[in-house]
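The values are calculated or read from the model by the stated rules, or taken from the named source; none is laboratory data. Every value quoted in this text rests on a predicted model; they were computed, and no experiment measured them. As a convention, Cβ positions derive from the backbone with ideal geometry for all residues, glycine included, and neighbour counts pool all protein chains shown.
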Amino acid sequence: MNNRFLISIFSAAFSAVMLAGAAFAEVKIGVLVPDSGPAGLFGPSTRHSAQLAAAEINAAGGINGEQIELVFADVGVPPAEAVQAALKVWKAEGAEAFIGMHDSAVREALTGLFKGGVPYVYTPVYEGGACSEGLYVTGETPSQQLAPVIPFLMKKEKVRKWYLIGNDYNWPRDTNALARGYIDDAGGEVVGEEYLPFTVAEFDSSLQKIRQSGADGVLITLVGGASVGFNVAFASFGLDQQAIRLGTLIEENTLAGIGADNANRLYSSAGYFSAIKTEAARDFATSYSEMFGEDAAPLNSLGQSAYDGLMLLAKLGNSAGSLQVAELEKVAEGISFESPRGTGTLTGRHVAQTIYLANGTGGTFDITASFDSVASAEACP
Amino acid sequence: MATLLILNILWQVSVLAIVTIGLAVVFGQLRIMNMAHGELVMIGAYAPVMTSLLGLPGYANIVVCLVTVGLIALLMERLVIRHFYGRAFDSLLATWGLSILLRETVELIFGRGYQSVPQYVPGTFSISGTDYPLYRLVVMAGIIPIFAGLYIWYRKSKIGVEIKAMVENPSLAQACGINTSRLSAGCFIFGALTAGVAGLLLAPTIRVEPMMGLDYLIRSFFSLVIGGLGSFEGLFIGVGIIAGAQSTLGALFNQTYGYLFILILSIVFLWLRPDGIYRRS
């Protein structure tokens, strides 16, 4: 009896040590996703994309021979709360790196928290110019989405007069400041520029101004529900006959809300669409639906960006032989990684990548053109 | 372009009127500050989505809308609302809770994403050289007889008199043989159904998602604050001022000014004239 008791104690202790050992052999990576708040719609696809990336990284041997484990936290909250959530994952859970898919206000708060103490890959489309130590950005910036696309569209659709409309905050304003330059260079003119508060749910007066301006192109930097409402109303007035539309944040969910009836001549520019037909993109989509089912949250550029973030982090970690920021900084510049978007190259903390122009006519995206290795003008010096 | 501005104002007034009528009935007659009113509009807007999921033809939209919203309103009234009649502030908290419950339920069933509702009447119609969405013209034309009918019915019918009696003096009304419990329930469900129909009508012209209800609640509430409670006249004055001011200022300057004006106006009214412009005698 005594012996058996001892044996049980030993085996219990032994398995505890084994378990602890196994846990130590894993690198924890904090993945900051918007489960709640206005971007909550993108929570599930972001989580899935991160999980898929982790599975692929682990199957390929992990980071420096260690398997990775994702620790998710909700950052679809005000910045101060997001900082608390990230701090918990960092200090209490022991995360050694972070991937973030959230807004810029949260990013600013997080760079203030991390202060280069832990690698941090920021993944969504954003206005550019974030240059902290240990911060790497995979998302598209306005120059990437517009520099090749505006001249191409102006030629293809014979557009000359642009109307710029967006929500009233820095991403649309920065985007439009750049757009003016590209439109000028291509021989066009800007006939109107307008910013709407987030609370606006009716767009009649803006549509009236667009009609009066005689614009034949509309650049849309409205976000989420505002973009859906605007585009629905735009088409109901028959303005799709007058002007093409180009959006830099119209992804699959937004297009679904706009609907097939209202998407005539609606273009979108981004680094990822589920409609990309390259082998890498198709393999990615297949793995995604195999892993999460056919009914899983639809793929879109924001959710998918988390995959790119992890792939870049794995590449950085494996090249540096460590996840220490000081070591990563030595190898970061010029490093390349593969993703469903194509080949990405880290240049000035930002990723030079393929940009796709898709046409949403008929309610589903169809890739019109792709532009390889587009570098970001907002990259860091 | 003046034609376009006038049509836009008329459309905004119509939209706000059909959304606000239900809130006016429930708030004005039952003293229930229904914070879940916007969610009832939202559920009405989901009716076409449910119809197509059920595989029913398009004209079943209205039936699906009335049945769904009616059942939800009945449950709300029987389980929660009836305990709060005449307690405006308590009802505000209770219905706020209900609004969250309704939003989360819709999110659970349909997901968080945007739903697309096909246009019921596509195309535009040219009025003095201005292309205007045909569907809007149809809705505006349809709303006038509906409101006229409601106005006459409320003025002339026995139920209209009973409602007035119940609002004035519930115990006396009960003593006179009016079943106030059933009458209040009827009133609440009627208000909810108008919200549902408003949602159904608006669905092809707006974004449809679980959070959309909030847009409508706030402007409806401001309309009632400005116009005054308990009468059709007050309702239309309030709706006209809110929607008219927002459209006009939005067209002349920009939308921020329109929104600012409404907020300032509402604060001034709450402060200096809390009964609104059209006071009930």
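Table: residues versus (1) in contact with a Lys or Arg (Cβ under 8 Å, 6 or more places away or on another chain); (2) surrounded by 13 or more Cβ atoms within 10 Å (Cβ to Cβ); (3) away from every other protein chain (no Cβ under 14 Å); (4) not polar (S, T, N, Q).
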| site | (1), (2), (3), (4) |
| --- | --- |
| B:Ala94 | no, yes, yes, yes |
| B:Leu108 | no, no, no, yes |
| B:Ser116 | no, yes, no, no |
| B:Leu150 | no, yes, yes, yes |
| B:Tyr154 | no, yes, yes, yes |
* To do: Output the residue which, of all residues in segment B:22-37 that are surrounded by fewer than 24 Cβ atoms within 10 Å (Cβ to Cβ) and of a type in the set (A, V, I, L, M), is nearest to the other protein chains (Cβ to nearest Cβ).
  => B:Met35
* Conditions (1) surrounded by fewer than 17 Cβ atoms within 10 Å (Cβ to Cβ); (2) within 26 Å of B:Val15 (Cα to Cα); (3) in contact (Cβ under 8 Å) with a residue 40 or more places away in the chain: number failed by B:Ile144 -> (3)
* Of the conditions (1) buried (at least 24 other Cβ atoms within 10 Å of the Cβ); (2) within 14 Å of another protein chain (Cβ to nearest Cβ); (3) farther than 22 Å from B:Leu150 by Cβ, B:Thr3 clears all except one; give me its number. => (1)
* Qualifying residue in segment A:264-280 (condition: acidic (Asp, Glu) and either within 19 Å of the chain's Cα centre (by Cα) or surrounded by fewer than 18 Cβ atoms within 10 Å (Cβ to Cβ) (or both)) -> yes
* Listed residues A:Gly257, A:Gly303; which is modelled with pLDDT under 95, in contact with a helix residue (DSSP H, G or I) (Cβ under 9 Å, 6 or more places away or on another chain), over 14 Å from A:Ala97 (Cα atoms) and part of a helix (DSSP H, G or I)? -> A:Gly257
* Restrict the check to segment B:195-214 and report whether at least one residue is farther than 26 Å from A:Ala39 by Cα and either within 10 Å of chain A (Cβ to nearest Cβ) or not in a helix (DSSP H, G or I) (or both). => no
* **Pairs with Cβ under 7 Å, 6+ apart, first in segment A:80-103 and free of Cβ contacts under 8 Å to residues at least 12 places away in the same chain and outside the structural domain of A:Ala306 (by TED's automatic domain parsing), second in a helix (DSSP H, G or I) and not aromatic (Phe, Trp, Tyr)** => none
* Asked: How many residues does segment A:349-363 hold that are surrounded by fewer than 18 Cβ atoms within 10 Å (Cβ to Cβ) and at pLDDT 95 or above?
  -> 1
* Does segment B:215-229 contain at least one residue that is in a loop (DSSP other than H, G, I, E, B) and touching a residue at least 24 places away in the same chain (Cβ under 8 Å)? -> yes
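Condition check ((1) at pLDDT 95 or above; (2) within 22 Å of the chain's Cα centre (by Cα); (3) among the polar types (S, T, N, Q); (4) assigned to a helix (DSSP H, G or I)) across all residues:
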| site | (1), (2), (3), (4) |
| --- | --- |
| B:Arg82 | no, yes, no, yes |
| B:Ser91 | no, yes, yes, yes |
| B:Ile100 | yes, yes, no, yes |
| B:Val106 | yes, yes, no, yes |
| B:Arg112 | no, no, no, no |
| B:Gln119 | no, yes, yes, no |
| B:Ser126 | no, no, yes, no |
| B:Tyr132 | no, no, no, no |
| B:Ile144 | no, yes, no, yes |
* Please tell me if A:Glu294 is among the acidic types (Asp, Glu) and more than 23 Å from A:Ser373 (Cα to Cα). => yes
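Consider A:Ala285 carefully, then state whether it is aliphatic (A, V, I, L, M) and part of a helix (DSSP H, G or I).
It is true that A:Ala285 is aliphatic (A, V, I, L, M) and part of a helix (DSSP H, G or I).
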* To do: Show the residue pairs that are 6+ apart or on different chains and have beta-carbon atoms under 8 Å apart, the first residue being within segment B:50-73 and free of Cβ contacts under 8 Å to residues at least 24 places away in the same chain, the second being buried (at least 17 other Cβ atoms within 10 Å of the Cβ) and small (Gly, Ala, Ser).
  => B:Thr51/B:Ala60; B:Leu54/B:Ala60; B:Val64/B:Ala47
* Asked: Would you call A:Gly224 within 12 Å of another protein chain (Cβ to nearest Cβ), under 22 Å from A:Glu140 (Cβ atoms) and not polar (S, T, N, Q)?
  -> yes
* Asked: Can you name the residue in segment B:247-279 that is among the aromatic types (Phe, Trp, Tyr) and part of a helix (DSSP H, G or I) and, of all such residues, is nearest to the other protein chains (Cβ to nearest Cβ)?
  -> B:Tyr259
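Here's the yes/no breakdown for (1) at pLDDT 95 or above; (2) crowded, with 16+ Cβ neighbours inside 10 Å:
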{"position": "A:Val17", "(1), (2)": "no, no"}
{"position": "A:Gly21", "(1), (2)": "no, no"}
{"position": "A:Gly30", "(1), (2)": "yes, yes"}
{"position": "A:Gly37", "(1), (2)": "no, yes"}
{"position": "A:Leu52", "(1), (2)": "yes, yes"}
{"position": "A:Ile57", "(1), (2)": "yes, yes"}
{"position": "A:Val77", "(1), (2)": "no, yes"}
* Residue by residue through segment A:335-381, note down the ones that are closer than 19 Å to A:Leu255 by Cα and under 18 Å from the mean Cα position of the chain (by Cα). => A:Ile355, A:Tyr356, A:Leu357, A:Ala358, A:Phe365
* Structure fact -> By residue number, the members of segment A:209-221 that are touching a residue at least 12 places away in the same chain (Cβ under 8 Å) and either more than 11 Å from every other protein chain (Cβ to nearest Cβ) or among the polar types (S, T, N, Q) (or both) are A:Ile210, A:Ser213, A:Gly214, A:Ala215, A:Asp216, A:Gly217, A:Val218, A:Leu219, A:Ile220, A:Thr221
